[in-house]
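Novice: The structure follows.
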Amino acid sequence: MATDSWKGKLPAEAEANFRSWRSAGNLPGWAGDSMEWLAERGQWDELNDRFFQNLQFGTGGMRGRAIGAIVTPMEGDAGSGKYVRSAIGSATMNDITVARAAIALHRHCDRWLREEGGGKRPKLIVAYDVRYFSRHFGQITCSLWNLLGGEALLFDGARSTPELSFAVRRLSATAGVVITASHNPFYDNGFKAYFRDGAQVIDPHAAAIMENYGNVTVGEACELLGAAEMRPKTFALPCQPIDKQYVTFLRDGVVDWDSIGAIGKPIVYTSLHGVGSAIMSQLIDIYGLPIVQLGEQCICDPRFPTVPSPNPENPAALSSAMARCDAISSDFAIGADPDADRMALAYRGRDGKMRLLSGNETAVLLAERRLRALFSAKKLNVETARGAALVRSLVTTPLLDAIGESYGVRTVKTPVGFKWVGEKLQKWEVDAIEMHRTKTGMAVDFESLDEDERREFLLKYSSYLVLGAEESCGYGSLGETRDKDSHCASIMAAEAYGSLLLENLTVDDFFDGIYRRFGYHGSKLHTISFSGADGANKIRSLLASIRENPYKSFAGKDILSWSDLERDGADDGDGGRFFAGNFFVGELSDGFSVAIRGSGTEAKVKFYFFFMGDGEDIGAAKRYGDGQFAKMVAFAERDVAGRTANG
């Protein structure tokens, strides 16, 4: 770099990281030129945001900006939307941070296999979504993995997160990676790591990978990147064979084809410019699902040009799908996020207008309808019900508990993150195999069992998953994928919708009946976001403040109980107890409760509000709950502003 003009212009940690990268051996020329370009123009805020920390490799991977707020000429042209290089920086997603993650994951898997005594080369499956640099980051990951002595395979086309989870298990891989930032803005990307069970990594693997990540220097990553670039890219994994197996697997999860056959007006589907259409098209063509795709939004495009945000939790994301419903007289719409793990539903209400269901409402619809279908098909009965389970995160509606209990099915609770559902699935699989061996003295080839055989086996020897649900539009019911699965959820949604049609019920009728039976349950999520280096500091300050000075009351409501899950933990309903950092739960007076957590991947704090009221006058209960939620949101905003004023 030509000058030292940057000295003293950045906060201490950002300057230290900038200095470390600047002096790293083998730093690519374009990377050094980008750093110099920003420094020469005095872009200190941008440099601080890029270097204020080392991009954190958390328990499931990492996520951050791949395109800077200010784009250097070496990185592309923001005006034309053409980006040739990712944003250089220790806190951003770029070739070097991806390389560090790939090296760390390989080193852990290689050591783990050697300690297990298997003597095998670690095998990796990599998928990528439609975002900027996703395929490129996937190629880097595979090239480095192979250079280090492993075997890596990269899907030869953009594919979903749940299909990656499926492929890891089907191909007996040691680990998997998806290059995606899920529903984040277009300028982000990420690296999600999976272990051999097909679920996102958890401890002890996560801790070991994070430790390895911290030990990979920038210079080492650059040196290995240079060596990997000289090697041929011989790691293509054809999509077609995996697609075929995955689509068959999804078909076998259908409980009630008659309900699907009852759908007259087609369901409108949007993939929000992501990868979901690749599999949805096959489900429609091969099995005749009554779904029409929203053509302009089923074209892969990293800009997400027709949606303000590719997050299906936001009503605006499904506005075009709902408009298409109006145009073709359809009453139901499905939306998947860019990596096709989350799914949202919209329906036509009594007033004739389309409305987006919340993630909690969708969870209730899927859970009750799937339980009803399983019992009607005699795949569950009163004797086997206690071997079945609904699994929900602690911030998902407790109405699922009541619905499960009404069928004799228990509800298991987890921290936030579908990886914890995956952990339960793995535990139940292992427990069932061991219990079977203990009782019969015989081994079982679990992977060879079809869906019906697996259900019977799990019901008899451990636990069977009816539905895993997260309020953030994440659902799954089939154990061969260990992450949220919008494809599986879309089929369940079609079954649920068709079953209502067969019973001459509308979606509104369904919820009226649920609330009359179990009481009105309302919920509200409020997110407060920050950005950049200053935002990360504010989040840390806020969470520390809540821990050290917990609420005495909340929006005028008494605190009946308060738990810091990092310290106190919570019962999971499955004979265990879990702990979660930066997670607080309070039971309030008047039927309300609140959960507060810091996001694990972004500078956000999330407030989850819940209300249980009288089910006789649903309208009055909803109006009262919504009014109180508004007051709670206003209180949270004031409180966060006060706690972060000097943070």
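Novice: Given 630, 595, which one is aliphatic (A, V, I, L, M) and in contact (Cβ under 8 Å) with a residue 12 or more places away in the chain?
Specialist: Working: 630 fails: in contact (Cβ under 8 Å) with a residue 12 or more places away in the chain.
Among 630, 595, only 595 is aliphatic (A, V, I, L, M) and in contact (Cβ under 8 Å) with a residue 12 or more places away in the chain.
Novice: Could you check, for region 436-457, whether at least one of its residues is on the phi > 0 side of the Ramachandran plot, of a type outside the set (A, V, I, L, M) and more than 26 Å from the chain's Cα centre (by Cα)?
Specialist: yes
Novice: Sticking with this one: If you check every pair at least six apart or on different chains, which have Cβ atoms under 6 Å apart with a residue in region 297-314 that is within 19 Å of residue 357 (Cβ to Cβ) and β-branched (Val, Ile, Thr) first and a residue that is in a loop (DSSP other than H, G, I, E, B) and modelled with pLDDT of 95 or more second?
Specialist: Short answer, once both residue conditions are applied: 307/272.
Novice: Also, quick follow-up: What pairs come out if I take residues in region 577-589 that are over 25 Å from residue 418 (Cβ atoms) and pair them with residues that are of a type in the set (Val, Ile, Thr) whose C-beta lies under 8 Å away, six or more apart or interchain?
Specialist: 587/559; 588/559; 588/594
Novice: What strands (runs of 3 or more DSSP E), lying completely within region 136-199, carry at least 2 residues that are more than 18 Å from residue 241 (Cβ to Cβ)?
Specialist: 175-179, 188-195
Novice: Please verify whether region 375-397 includes one or more residues that are surrounded by fewer than 23 Cβ atoms within 10 Å (Cβ to Cβ), outside any loop (DSSP other than H, G, I, E, B) and acidic (Asp, Glu).
Specialist: There is no residue in region 375-397 that is surrounded by fewer than 23 Cβ atoms within 10 Å (Cβ to Cβ), outside any loop (DSSP other than H, G, I, E, B) and acidic (Asp, Glu).
Novice: Limited to region 542-588, what total is found for residues that are over 27 Å from the mean Cα position of the chain (by Cα), surrounded by 13 or more Cβ atoms within 10 Å (Cβ to Cβ) and not in a strand (DSSP E or B)?
Specialist: 4
Novice: Could you list, ordered by first residue, the pairs with Cβ atoms under 7 Å in which the first is in region 536-548 and closer than 17 Å to residue 636 by Cβ and the second is hydrophobic (A, V, I, L, M, F, W, C), at least 6 apart or interchain?
Specialist: Cβ pairs passing all conditions: 538/530; 539/530; 539/603; 539/605; 542/605; 542/640; 546/584; 546/596.
Novice: Let me confirm something: among 37, 21, which residue is touching a residue at least 60 places away in the same chain (Cβ under 8 Å) and surrounded by fewer than 23 Cβ atoms within 10 Å (Cβ to Cβ)? It would help to see each step written out before you state the result.
Specialist: Working: 37 fails: touching a residue at least 60 places away in the same chain (Cβ under 8 Å).
Of the residues listed, the single one that is touching a residue at least 60 places away in the same chain (Cβ under 8 Å) and surrounded by fewer than 23 Cβ atoms within 10 Å (Cβ to Cβ) is 21.
Novice: Follow-up. Tell me, which residue of region 124-162 that is touching a Ser or Thr at 6+ places or on another chain (Cβ under 6 Å) and either at positive phi or of a type in the set (A, V, I, L, M) (or both) is surrounded by the most Cβ atoms within 10 Å (Cβ to Cβ)? Even if it seems obvious, please write down each step before you answer.
Specialist: Initially, region 124-162 is screened for residues touching a Ser or Thr at 6+ places or on another chain (Cβ under 6 Å), giving 126, 128-129, 133, 162.
Now narrow it down to the ones that are either at positive phi or of a type in the set (A, V, I, L, M) (or both): 126, 133.
Details: 126: 29, 133: 24.
Within region 124-162, the match that is surrounded by the most Cβ atoms within 10 Å (Cβ to Cβ) is 126.
Novice: Quick test for you: out of 548, 456, 495, pick the one residue that is acidic (Asp, Glu) and within 30 Å of residue 13 (Cβ to Cβ). Let's see the steps before the verdict.
Specialist: Details: 456 fails: within 30 Å of residue 13 (Cβ to Cβ); 495 fails: within 30 Å of residue 13 (Cβ to Cβ).
Being acidic (Asp, Glu) and within 30 Å of residue 13 (Cβ to Cβ) holds for just one of 548, 456, 495, which is 548.
Novice: Among the residues of region 270-298, what is the count of those that are within 22 Å of the chain's Cα centre (by Cα) and in a loop (DSSP other than H, G, I, E, B)?
Specialist: Going through region 270-298 one residue at a time, the tally reaches 7.
Conditions (1) assigned by TED's automatic domain parsing to the domain that holds residue 211; (2) surrounded by fewer than 24 Cβ atoms within 10 Å (Cβ to Cβ); (3) without any contact (Cβ under 8 Å) to a residue 60 or more places away in the chain, marked per residue:
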residue: 49; (1), (2), (3): yes, no, no
residue: 53; (1), (2), (3): yes, yes, no
residue: 56; (1), (2), (3): yes, yes, yes
residue: 67; (1), (2), (3): yes, no, no
residue: 90; (1), (2), (3): yes, yes, no
residue: 122; (1), (2), (3): yes, no, yes
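Novice: Taking region 350-364 only, how many residues are under 14 Å from residue 326 (Cβ atoms) and basic (Lys, Arg)?
Specialist: Here the count works out to 2.
Novice: Can you name every one of the helices (runs of 4 or more DSSP H) wholly within region 448-523 that holds 2 or more residues which are more than 26 Å from residue 383 (Cα to Cα)?
Specialist: Filter on region 448-523 gives 486-502, 507-518.
Novice: Filter region 598-647 down to the residues that are farther than 25 Å from residue 521 by Cβ and in contact with a helix residue (DSSP H, G or I) (Cβ under 7 Å, 6 or more places away or on another chain), then identify the one that is surrounded by the most Cβ atoms within 10 Å (Cβ to Cβ).
Specialist: Top of the filtered list is 640.
The values are calculated or read from the model by the stated rules, or taken from the named source; none is laboratory data. A quick note: this is a predicted structure, and the numbers were derived from the prediction, not measured. Note that we place each Cβ from the backbone using ideal geometry, even for glycine, and neighbour counts take in every protein chain shown.
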